[in-house]
1. Quick check on region 270-281. Is at least one of its residues free of Cβ contacts under 8 Å to residues at least 24 places away in the same chain, part of a helix (DSSP H, G or I) and not charged (D, E, K, R)?
2. Applying the selection to region 135-153, what residues are out of contact with any Phe, Trp or Tyr (no Cβ under 6 Å at 6 or more places or on another chain) and not aliphatic (A, V, I, L, M)?
3. Any idea how many residues of region 298-317 are in contact with an Asp or Glu (Cβ under 9 Å, 6 or more places away or on another chain) and not in a loop (DSSP other than H, G, I, E, B)?
4. For residues in region 312-350 being of a type in the set (Lys, Arg) and in contact (Cβ under 8 Å) with a residue 24 or more places away in the chain, which is surrounded by the most Cβ atoms within 10 Å (Cβ to Cβ)?
5. Looking at region 363-422 only, could you name the residues that are part of a helix (DSSP H, G or I) and charged (D, E, K, R)?
6. Say whether the condition of being assigned to a loop (DSSP other than H, G, I, E, B), hydrophobic (A, V, I, L, M, F, W, C), over 25 Å from Leu381 (Cβ atoms) and not assigned by TED's automatic domain parsing to the domain that holds Val120 is met by at least one residue in region 246-263.
7. Suppose we filter Pro165, Pro224, Pro232 for residues that are touching a helix residue (DSSP H, G or I) at 6+ places or on another chain (Cβ under 6 Å), over 16 Å from Ile300 (Cα atoms) and not small (Gly, Ala, Ser); which single one remains?
Amino acid sequence: MMVLAACQSQQQEPEPAPPSPPVNTPLMLSPSPAVAVVVEPTPAIATLRVWGPVDFDPQRPNADAEIWQQQQSDFETVHPEIEMVYEAKPLTGPASLLTYLNAASSVAPSVLPDLIIIPVTALAEAAQTGRLFPLDSLIAAPIQEDFYPFAIRDTSVEGQWLALPLAVRIEHGLTRSGRRGQIPLTLDKMASDSAPTWLFSAQDSANGEVSNALLLQLLAITAPRPGPESLPTEANLVALFTALQAAQGAGTIPNQVLLLAESDDLVGRLENGEAELIEGNSYRYLEERRQGTSVTFAPIPTLFGHPVTVVDGYLIALTTDEPRQQAAAISYISWILTPSRLAAWSRASHWVPARRSALAAAIDEDSYRTFLAERLENGWLRPSDAPWRDFGQTLHAQFRALLLGHISPAQAAETIIDRYEP
């Protein structure tokens, strides 16, 4: 609102009004110190820039993209002072999101994003750029408490909470609907004559990382999680490798697992009778259910029967320290992670929400919702730091050597403990 005041001379006609000032420029209209008239600037629109993979591009022609796009449009309607810009970036290669983020920080800071969406496995690398800013004091406590434990615990680096799970999937078994008999919960039962044939990936990966199948088994025998700084006991390692070797000897774990990659279509092998239990995940199950196939969810047997799981997916992280941009970014995060919106998008995309209050609306199958909730409470994000990668490679190599018959369970366990025990 602009207020004008002028002193009129008795001898002279009033001076013509000064020209209109630019819209966003504060201006003192009166030379008199007694009457200072200020035109307040019109608030500028903040551009909220998000970098992420093409899978989250709201312009792609998918049903979940339509919901994603509508949610962003609704956000801009409620927040007319914020304009959303999404820039799809490749996740690998010389022009990858993180490579560009690193380079632009020094040569073109004006093009940097305010938020990034990255895979769980890229968190450690992203943290090393120095461009991730803590969320601890920016997200309200009731919202933090609504997330499953892994959401904050496993996205914290050096005591700072740097990312939030946007979309996750969890590892679990898949079997045929109507199969007679229950899937055993413990590995010792997998060496019996009635145990199901079990397929999972044990092939060497391109980067040498441990498979999700073995990682899940290790999580089940280690607290808080396996790694160079938190080794499973040698006794538990020997027991795990002995149980897996016994299942292989009984034919429950066929030798062909050594040739199976995580990208192989194990559902096809389940449907044609090659296996009765396969390593799968929530995303694949929800997709199979949508297609109406005869596949249902199942537990993965572990040494002690614990319902742990590996959590994978995508994270959203804050990459600006400018207060106004941070406020806009947190408003957006809070908007898209509101339980009703998160559940609607999860239903369409087949990702699982990481908030407890969103799970009920996202999963309409009661038994599966209960199954998921138990595992989400006991889930761990797949680790991504360099020491873990080395540890995982060692574990995977010993696991393969065991299945190939080159070493005993005791030798496999001893090699791991000797290499990493202080």
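1. No, there is no match, as no residue in region 270-281 is free of Cβ contacts under 8 Å to residues at least 24 places away in the same chain, part of a helix (DSSP H, G or I) and not charged (D, E, K, R).
2. Filtering region 135-153 down to residues out of contact with any Phe, Trp or Tyr (no Cβ under 6 Å at 6 or more places or on another chain) leaves 137-149, 151, 153.
Ser137, Pro142, Gln144, Glu145, Asp146, Phe147, Tyr148, Pro149, Arg153 - these are the residues of region 135-153 that are out of contact with any Phe, Trp or Tyr (no Cβ under 6 Å at 6 or more places or on another chain) and not aliphatic (A, V, I, L, M).
3. Within region 298-317, residues that are in contact with an Asp or Glu (Cβ under 9 Å, 6 or more places away or on another chain) and not in a loop (DSSP other than H, G, I, E, B) number 5.
4. Filtering region 312-350 down to residues of a type in the set (Lys, Arg) leaves 324, 341, 347.
Subsequent filtering for residues that are in contact (Cβ under 8 Å) with a residue 24 or more places away in the chain retains 324, 341.
Working: Arg324: 13, Arg341: 20.
This residue is Arg341.
5. Of all residues in region 363-422, those part of a helix (DSSP H, G or I) come to 366-377, 386-403, 409-420.
Passing the criteria: Asp366, Arg369, Glu374, Arg375, Glu377, Arg389, Asp390, Arg400, Glu414, Asp418, Arg419.
6. yes
7. Numbers: Pro224 fails: touching a helix residue (DSSP H, G or I) at 6+ places or on another chain (Cβ under 6 Å); Pro232 fails: touching a helix residue (DSSP H, G or I) at 6+ places or on another chain (Cβ under 6 Å).
Pro165 is the lone residue from the list that is touching a helix residue (DSSP H, G or I) at 6+ places or on another chain (Cβ under 6 Å), over 16 Å from Ile300 (Cα atoms) and not small (Gly, Ala, Ser).
Residue by residue, here is whether (1) surrounded by 22 or more Cβ atoms within 10 Å (Cβ to Cβ); (2) part of a loop (DSSP other than H, G, I, E, B); (3) within 15 Å of the chain's Cα centre (by Cα) holds:
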| site | (1), (2), (3) |
| --- | --- |
| Ala127 | no, no, yes |
| Pro134 | no, yes, no |
| Arg169 | yes, no, yes |
| Arg180 | no, yes, no |
| Asp188 | no, no, no |
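The values are calculated or read from the model by the stated rules, or taken from the named source; none is laboratory data. Just so we're clear, the structure is a prediction, and the values are computed from it rather than from any experiment. Cβ: placed from backbone, ideal geometry, glycine included. Neighbour counts: every protein chain shown.
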